[in-house]
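Remarks on the structure that follows.
The values are calculated or read from the model by the stated rules, or taken from the named source; none is laboratory data. Computed from a predicted model, the values in this text were never measured in an experiment. Glycine gets a Cβ as well: all are built from the backbone with ideal geometry, and neighbour counts include every protein chain shown.
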Amino acid sequence: MKEFEKKVKKRIFFSRIYIATIIIFIILTRIFSNDEIPLDFISGFSVGIGSVMMFYMAQYHKALKSEEELEKLYIEETDERQQYIKSMIGSSSITASIVIFTLGMLVSSFFNLTVFITLLIALMTLIIVTLAFKIYYNKKL
């Protein structure tokens, strides 16, 4: 259980770093940026992710205060059924994303070359990352 406690503390640490980085980023871009629309979108998206991280940080702090809560969190995260569901979601969503990117790329090729190339690059990146993880996990497991 001590190993899991270290893992939870590490998650809290990196969440704090992310939130601090977002705050600094928002302050600096407000000072130095002239274009409001992309800045507002990125700021809103970052604050949204930071809010989710704060929610999880609160759960982690609660778990660290009580051995019973920590054990409950450990069981929840190491449950084989939940791990299988997560792996199925991951593989299905990657396949669906590749199909959607491919269809979007084909449709956009009739309208806008920039959009086509952007989707092509995103699709190739997705495929490369997927293959890299597949090779990694085939060697690891």
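Could you grab me the full set of residues in the stretch 27-80 that are aliphatic (A, V, I, L, M), closer than 24 Å to I12 by Cα and surrounded by 12 or more Cβ atoms within 10 Å (Cβ to Cβ)? I42, V47, I49, M53, M54, M57, A63, L64, L70, L73 - these are the residues of the stretch 27-80 that are aliphatic (A, V, I, L, M), closer than 24 Å to I12 by Cα and surrounded by 12 or more Cβ atoms within 10 Å (Cβ to Cβ). Looking at K72, K65, K86, just one residue is among the charged types (D, E, K, R) and under 20 Å from the mean Cα position of the chain (by Cα), and that residue is K86. Only one of the listed residues (K86, K62, K134, K139) is basic (K, R) and in the same structural domain as I17 (by TED's automatic domain parsing). That residue is K62.
Between a residue in the stretch 28-45 that is under 20 Å from Y18 (Cβ atoms) and any residue that is modelled with pLDDT of 75 or more and not aromatic (F, W, Y), which pairs come within a Cβ distance under 7 Å, given they are 6 or more apart or on different chains? These pairs meet every condition: L39/T29; S43/I26.
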